[in-house]
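Structure, as structure tokens:
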Amino acid sequence: NAGVTQTPKFRVLKTGQSMTLLCAQDMNHEYMYWYRQDPGMGLRLIHYSVGEGTTAKGEVPDGYNVSRLKKQNFLLGLESAAPSQTSVYFCASSYGRTSGYNEQFFGPGTRLTVL
Amino acid sequence: DAKTTQPTSMDCAEGRAANLPCNHSTISGNEYVYWYRQIHSQGPQYIIHGLKNNETNEMASLIITEDRKSSTLILPHATLRDTAVYYCIVRSQTGANNLFFGTGTRLTVIP
């Protein structure tokens, strides 16, 4: 099992450019999440999904869009990147809430710089 | 979800037990205590969780006070590889399972 993988690992964008971050998991998890982590801070939830075809807003959703067309993939889009979106982005996945406990498995992160 | 309070940083000698405290005085009856850690630049890693009984696994032990207002994560024999930021998170088992991370405790294991 590869677990949770993220593509790309690094990216530099200019202000106004768009991009999509891809998260993939091979654990058949129902739930998937996108977090961002700014220097010296904990992770903050951007968007999440409780199943294929569903998405919901987290704590800091502005400037991002997501899609979950396939159960194993969760895409995070930036339509018009801004310097404030410079951050490390982590994807995570977990079983649904009926599983007993809610361990989240995290990917290695994508380091994004917006100039 | 209840808010948690942790010390900003701690040091521990290699081979000794590392005891990381967490206060969660507003925890409610259906909320669990979770611990994750984040080794430099990596994604967070689950360590352990509990409701009201003490828990132990291959990584650590979790001690929860009887009133559940605080807990301690114990790494019994800290190694240099345990140097990381440790997050104490309190949440219920319902909802979307999203985790609210604070700033955590930066544990440095000293040779």
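Each reported figure results from applying straightforward, stated rules to the coordinates on display, with no laboratory input. Note that the structure is predicted; figures quoted are calculated from it, not measured. Methodologically, a virtual Cβ is constructed for each residue, glycine included, from the backbone with ideal geometry; neighbour enumeration extends over all protein chains shown.
Charged neighbours of B:Ile64, selected by a Cβ distance under 12 Å, balance to -1 (K, R count +1; D, E count -1).
Springs between Cα atoms under 10 Å define the GNM used for chain A, and in it the highest mean-square fluctuation of A:Met41, A:Met19, A:Met27 occurs at A:Met41.
Mind checking the dipole of the protein assembly as shown: about its Cα centre, +1 per Lys or Arg Cβ, -1 per Asp or Glu Cβ, Debye to the nearest 20?
Details: 20 positive and 17 negative charges, 93 e Å.
Approximately 440 debye in magnitude.
Other protein chain C-beta atoms within 10 Å of residue C-beta, averaged over A:42-48: 5. Give me the net charge for the shell around B:Ile74: Cβ to Cβ below 15 angstrom, other residues only, Lys and Arg +1, Asp and Glu -1. Taking every Cβ under 15 Å from that of B:Ile74, the sum is -1.
Site pair B:Lys3 and B:Gln42 shows an inter-label distance of 3.1 nm when each label is modelled 7 Å from Cα along Cα→Cβ. The trypsin sites (Lys or Arg not before Pro) found in region A:41-87 that occupy coil by DSSP, while having at most 13 further C-beta atoms within 10 Å, are A:Lys70.
Quick one: plug the Kirkwood hydrodynamic radius of chain B (C-alpha pairs) into Stokes-Einstein at 10 °C, 1.306 mPa s, and report D in µm²/s. Kindly include the intermediate steps, with their values, before the conclusion.
On the way: Rh = 14.0 Å.
For these conditions, the coefficient is 114 µm²/s.
Think of each Lys and Arg Cβ as +1 and each Asp and Glu Cβ as -1; about the Cα centre, that makes the dipole of chain B roughly 160 debye. Take each residue in B:32-45, count the other chain C-beta atoms within 10 Å of its C-beta, and the mean is 4. Residues of region A:21-62 with amide nitrogen under 12 Å from the 7 Å Cα-to-Cβ point of A:Ala82? The answer is A:61-62, whose backbone nitrogens lie closer than 12 Å to the label point.
Placing pseudo-labels 7 Å out from each Cα toward the beta carbon at B:Leu51 and A:Lys57 gives an inter-label distance of 3.4 nm. With Cβ to Cβ distances under 11 Å as the rule, what net charge do the other residues near A:Met19 carry (K, R +1; D, E -1)? My count for the surroundings of A:Met19 gives +1. Within 10 Å of the Cβ of each residue in A:26-36, the mean number of Cβ atoms contributed by other protein chains is 1.
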